[in-house]
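The values are calculated or read from the model by the stated rules, or taken from the named source; none is laboratory data. Since the model is a prediction, treat every value here as computed from it, not as a measurement. We place every Cβ from the backbone using ideal geometry, glycine too, and count neighbours over all the protein chains shown. Surface accessibility is based on the protein's heavy atoms, side chains included, excluding ligands, DNA and RNA. Shrake-Rupley method; radii C 1.70, N 1.55, O 1.52, S 1.80 Å.
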Amino acid sequence: MMKKRFLAMVLAAAMLMTAMVGCGGDNAAQNDGNTGNGATGDTIKIGGLAPLTGDVSVYGVAVDNGIKLAVEEINADGGVLGKQIDYIVYDEKGDATEAVNAYNKLVQSDKVVAVIGDVTSKPTLAVAQQAAKDKIPMITATGTAENITETGDNIFRACFIDPFQGELMASYASKKLEKKTAAIIYNISDDYSKGLYEAFEAASKDLGIEVVQVEGYGKGTVDFKAQLTNIKSKNPDVIFLPVYYQDVALIAVQAKELGIEAQFLGADGWDGVTGQVDASNMDAVNGAYFCSQYSAQSDDPNMQAFLEKYKETYGMDASQFSVLGYDAMKMLAQAITEAGSTDSAAVTEALAGIDFTGLTGHMTFDENRNPVKSAAITQIENGEYQFIEFYEK
């Protein structure tokens, strides 16, 4: 599942959206395009799976909203292969069994030609296993578990997996920032943090960055001065913090108090850190770099148009989930166009070889159908996020 840091940012908005989403009972479908008789008629049916109600609906609603905006744009621009997209989405409530049942309905009754979904990792894996057997092209916008795409050569994802960020930030430290030494502080209780730490350390060694100190801490830690004192003695160029923004704020402020001047680096768990640091300590995080799937500060006119349209349509700001949902639909539409057909094998082949540029940057797929993509590099300056560039390792 995409990481828990976003829940706090969008929970209130999601509650409003949950009230607005029409569910109509178990597995109620929302037909968000022109209705038709399948790919042989005037429409191309694309299936969607998302938790539109329930505990994780905050994620599903955001992804679904992004997909719907993409469908609206594609159809207004003439559709795909001269046909309108008929997007049929089912609420699976965050449950793996519900998700598989909904998938079966999409494939057997609705006759969709491809599926965008699921949203959280457990239902996504369950659906992927069935889609792999059926050879139905499937792309998840946000399922990050590594084994999802291992289920079959027709299963893809739009989001990068967690270790990718560690490798990318090591590359950025070496090639763009020209740093030579690094220290790492990570949360030993968190798989996200551990995965990023291990990837950063391995990539650093390959790139010629000496990792001079690694420090771990457990869940609930609030005093990091012992770890930071050990790191200070090594005087590293950078400190990589693959942790969530709450811990970042504590660590950065304590590093400032100890007089540590190393530059901080982080991953997408940093999003929200400026809201955790008071104005008197904002210099503790100033100059730090972190990567993410996208940046709302990007000067890309397509991004700014999407953000404006999203807020106008749904009455709330878009999240990372919304942007990834939008890109997943646009990517699938491009693949069908390049395949020149809705044949499953042809669409799968087109997806595997796609060269796509969307709101989250440029992307191709590796041999495991995970994206090889650029990440949005953001720097904190004067308490504000400043988009620097899209970067590919």
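Some observations on this one:
- Under the combined filter of DSSP loop state and at most 16 neighbouring Cβ atoms within 10 Å, segment 149-243 retains these trypsin sites (Lys or Arg not before Pro): Lys180, Lys219, Lys234.
- Here the chain is treated as a Stokes sphere of Kirkwood radius computed over C-alpha pairs; at 37 °C and 0.692 mPa s its diffusion coefficient rounds to 152 µm²/s.
- Rounded accessible area of Thr229 (nearest 10 Å², 1.4 Å probe): 70 Å²
- Antiparallel DSSP beta bridges within the chain, as percent of all bridges there, nearest 5: 40 percent
- Crossing angle, helix 57-76 versus the chain [Cα axis fit, 0-90 degrees, rounded to tens]: 60 degrees
- Mean Cα-pair separation over length for the chain, i.e. relative contact order, pairs under 8 Å, 6 or more apart, %: 16 percent
- A straight chain from Glu367 to Glu150 at 0.36 nm per residue would run longer than the Cα-Cα distance by 77.1 nm.
- Shown here is the pair-distance distribution of segment 182-246: with all Cα-Cα distances grouped in 5 Å bins from zero up to the longest one, the shares run 4, 18, 30, 25, 17, 5, 1 percent.
- Residue of Ala183, Ala335, Ala76 that the Gaussian network model of the chain assigns the largest fluctuation, springs spanning Cα pairs under 10 Å: Ala76
- Every Cα-Cα pair in segment 89-195 was counted, and those over 18 Å apart are 56% of them.
- Net charge of neighbours whose Cβ lies under 10 Å from the Cβ of Ala199, counting Lys and Arg as +1 and Asp and Glu as -1: -3
- For segment 148-293, the Kirkwood estimate of the hydrodynamic radius, built from every pair of different alpha carbons, is 15.5 Å.
- For Ser344, the accessible area of its heavy atoms, probed at 1.4 Å with every protein chain present, is near 30 square angstrom.
- Coil-residue GluC sites (Glu not before Pro) of segment 298-369, DSSP, other Cβ within 10 Å capped at 12: Glu367
- The alpha carbons of segment 61-149 occupy a box of 35, 26, 22 Å along the principal axes, longest dimension given first.
- Within the assembled protein chains, the solvent-accessible surface assigned to Asp55 is about 150 Å², based on a 1.4 Å probe.
- Apolar share of the accessible surface for the chain: 45 percent from carbon plus sulfur atoms, 1.4 Å probe.
- Rounded to 10°, Cα long-axis angle of helix 191-207 versus longest principal axis of the chain: 70 degrees
- Alpha-carbon Debye profile of segment 270-317, log10 I(q)/I(0) at 0.19 Å⁻¹: -0.79
- For segment 224-289, radius of gyration divided by Kirkwood radius, i.e. Rg to Rh on alpha-carbons: 0.92
- With every protein chain in place and a 1.4 angstrom probe, the accessible-area ranking of Ile188, Ile139, largest first, reads Ile188, Ile139.
- Per residue, the chain exposes 39 Å² of accessible surface when a 1.4 Å probe is rolled over the protein heavy atoms with every protein chain present.
- Note on segment 262-375: along the principal axes its Cα atoms extend 59, 36, 19 Å, ordered by decreasing extent.
- To the nearest ten degrees, helix 301-314 and the longest principal axis of the Cα atoms of the chain are 70 degrees apart.
- Alpha-carbon centroid distance for the pair segment 327-393 / segment 191-240, whole angstrom: 30 Å
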